[in-house]
Amino acid sequence: QCNLTGWWENDLGSRMQVFKVGNDGTFCGEYHTAVSSAKKPIQPSPLIGSQHVDEDGQCTFGFTVNWKKFSDSTAVFVGQCFSGDGGKEVLHTSWLLREKVGSEPDDWKATR
């Protein structure tokens with residue numbers, strides 16, 4: 001069974017720590033991004049999420065990161081945990097990042 005609690009690192013060197021997963025699947029933690037286009041220095045950012053564990057122990061999950069400490073943006077991630085070779089857990093995710101724009105006509109460029 002996949003356990004999201006602990007430290008995770010991606011291919012770009014960003015890391016996240018999930019503090020604890022509750023019995024209802026909710027969790028919180030911190031995201032330490034290694035990449036940013038913000039002008040302010042990068043700082044750890046709070047994350048909050050939820051997971052769904054199936055009978056086979058695999059889980060899907062989603063979480064939101066609020067970059068409020070250094071950026072006017074919010075990101076959402078969705079993914080699945082897989083048990084790979086030797087029982088090593090691997091997360092595969094997709095994400096969307098929403099940046100604040102100054103006007104409605106600029107809405108088209110606000111989401112990556």
Inside region 32-49, the number of residues satisfying the requirement of being under 10 Å from the mean Cα position of the chain (by Cα) and open to solvent by 80 Å² or more (accessible area, probe 1.4 Å) is 1
Residue 107, sole failed condition from (1) loosely packed, with under 11 Cβ neighbours inside 10 Å; (2) modelled with pLDDT under 95: (2)
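The rows are residues; the columns are (1) among the β-branched types (Val, Ile, Thr); (2) open to solvent by 80 Å² or more (accessible area, probe 1.4 Å); (3) outside any loop (DSSP other than H, G, I, E, B).
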position	(1), (2), (3)
4	no, no, no
27	no, no, yes
30	no, no, yes
51	no, no, yes
69	no, yes, no
76	yes, no, yes
96	no, yes, yes
Given the condition modelled with pLDDT of 95 or more, among the β-branched types (Val, Ile, Thr) and touching a strand residue (DSSP E or B) at 6+ places or on another chain (Cβ under 8 Å), answer yes or no: does some residue in region 78-88 qualify? yes
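The values are calculated or read from the model by the stated rules, or taken from the named source; none is laboratory data. Small disclaimer: the values here were computed from a predicted structure and weren't measured. Here the Cβ is made from the backbone with ideal geometry for all residues, glycine too, and neighbour counts use every protein chain on show. Accessible surface is based on the protein model in full, side chains and every heavy atom, while ligands, DNA and RNA are left aside. Shrake-Rupley method; radii C 1.70, N 1.55, O 1.52, S 1.80 Å.
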